[in-house]
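Novice: My questions will all concern the structure given below.
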């Protein structure tokens, strides 16, 4: 997915949010925003939005001397999710189809995104995800594919945000119980509220999966930049599960079969997703639609 005109003011909005978290120094705040405006004016619009955001966040960190402004927010998101996990685990255990409910809860958890949204109601969202239909629903195909795999088949799970990664553990635990060999990929460096190795460990994922860092501090999975280790896992996976908008934006034109699991929080993402999936645009306005979409590795 290429960067759109609408992405440029979004970078400035994100920068405003970051500088207010990073420093009280108004001169540094102005300098940082001016730098982002300069970067936006020179961006390569053929790159994906997450790839372009790397330079933005690197500049913000350099000017404010705050490399991880969301650190405390990420910790709070994890703690909040961990506190809610027992009730959701019980819900999954009692469900007629535990794996299906686990996926729904994990997709609902994708609302925890400080790059795309400034505020959200996680309780309302998790309740809604159990009742609302998917805007794109390839869940039946995914569940069938997973259940037809050999017990030692490889599943690659591309994680997205902190907090959300705790809900991902519901899915990963179910997949592990099926005997599948699960690898979870997280970011290597701090970027927005994306999940790092420490977040995966906090969510308890090491008990059910191999955890890999992706080799980047990009809020997505740019295949040209990821670590050799993750590329091997990507190429050898029997099923790839991609969480969140950033991973979708960087992989929506990849030559690979991928199941995209996300909450759509942006009209640009919604428009691109509608185009490649053949879905009516009005079904994806970018207002929190739940999506489980099978991408076959070629443009539709």
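Novice: For the condition at pLDDT 95 or above, on the phi > 0 side of the Ramachandran plot and either in contact with a strand residue (DSSP E or B) (Cβ under 9 Å, 6 or more places away or on another chain) or surrounded by 18 or more Cβ atoms within 10 Å (Cβ to Cβ) (or both), what is the one hit in 179, 215?
Specialist: 215
Novice: Please go through (1) over 22 Å from the mean Cα position of the chain (by Cα); (2) closer than 30 Å to residue 295 by Cα; (3) not in a loop (DSSP other than H, G, I, E, B) for residue 43 and return the number of the only condition it doesn't satisfy.
Specialist: (3)
Novice: Something else: If we keep just the residues of region 142-164 that are in contact with a helix residue (DSSP H, G or I) (Cβ under 7 Å, 6 or more places away or on another chain) and more than 18 Å from residue 292 (Cβ to Cβ), which is surrounded by the most Cβ atoms within 10 Å (Cβ to Cβ)?
Specialist: 163
Novice: Further question: Is it true that residue 118 is out of contact with any strand residue (DSSP E or B) (no Cβ under 8 Å at 6 or more places or on another chain), surrounded by fewer than 17 Cβ atoms within 10 Å (Cβ to Cβ), within 17 Å of residue 165 (Cα to Cα) and at pLDDT below 90?
Specialist: Judged against the criteria, residue 118 is not a match.
Novice: Suppose the filter is under 30 Å from residue 145 (Cβ atoms), assigned by TED's automatic domain parsing to the domain that holds residue 188, modelled with pLDDT of 95 or more and assigned to a helix (DSSP H, G or I); does residue 99 pass it?
Specialist: Taking the combined requirement at face value, the residue satisfies it.
Novice: Consider region 56-84. How many of its residues are in a helix (DSSP H, G or I) and in contact with a helix residue (DSSP H, G or I) (Cβ under 6 Å, 6 or more places away or on another chain)?
Specialist: Within region 56-84, the first condition is being in a helix (DSSP H, G or I), and the residues that meet it are 56-64, 71-84.
With in contact with a helix residue (DSSP H, G or I) (Cβ under 6 Å, 6 or more places away or on another chain) added as a condition, the list becomes 56, 59-60, 63-64, 78, 81-82.
The total comes to 8.
Novice: Still on this structure, I have one more. Do you know which residues across region 189-207 are surrounded by 19 or more Cβ atoms within 10 Å (Cβ to Cβ) and on the phi < 0 side of the Ramachandran plot?
Specialist: Initial filter on region 189-207 (surrounded by 19 or more Cβ atoms within 10 Å (Cβ to Cβ)): 191-196, 199-200, 202-203, 205.
Scanning region 189-207 gives 191, 193, 194, 195, 196, 199, 200, 202, 203, 205.
Novice: Could you count how many residues in region 176-193 are touching a helix residue (DSSP H, G or I) at 6+ places or on another chain (Cβ under 7 Å) and not in a loop (DSSP other than H, G, I, E, B)?
Specialist: 5
Novice: As an exercise: evaluate residue 58 against (1) closer than 25 Å to residue 266 by Cα; (2) modelled with pLDDT under 95; (3) surrounded by fewer than 16 Cβ atoms within 10 Å (Cβ to Cβ) and give the number of the one condition it does not meet.
Specialist: So the condition that residue 58 fails would be (2).
Novice: Which count do you get for residues in region 225-260 that are farther than 13 Å from residue 273 by Cβ and not in a strand (DSSP E or B)?
Specialist: Result for region 225-260: 20.
The values are calculated or read from the model by the stated rules, or taken from the named source; none is laboratory data. All figures in this text were calculated on a predicted structure; none of them were measured in a lab. Ideal geometry is used to build each Cβ from the backbone, glycine not excepted, and the neighbour counts take in all protein chains shown.
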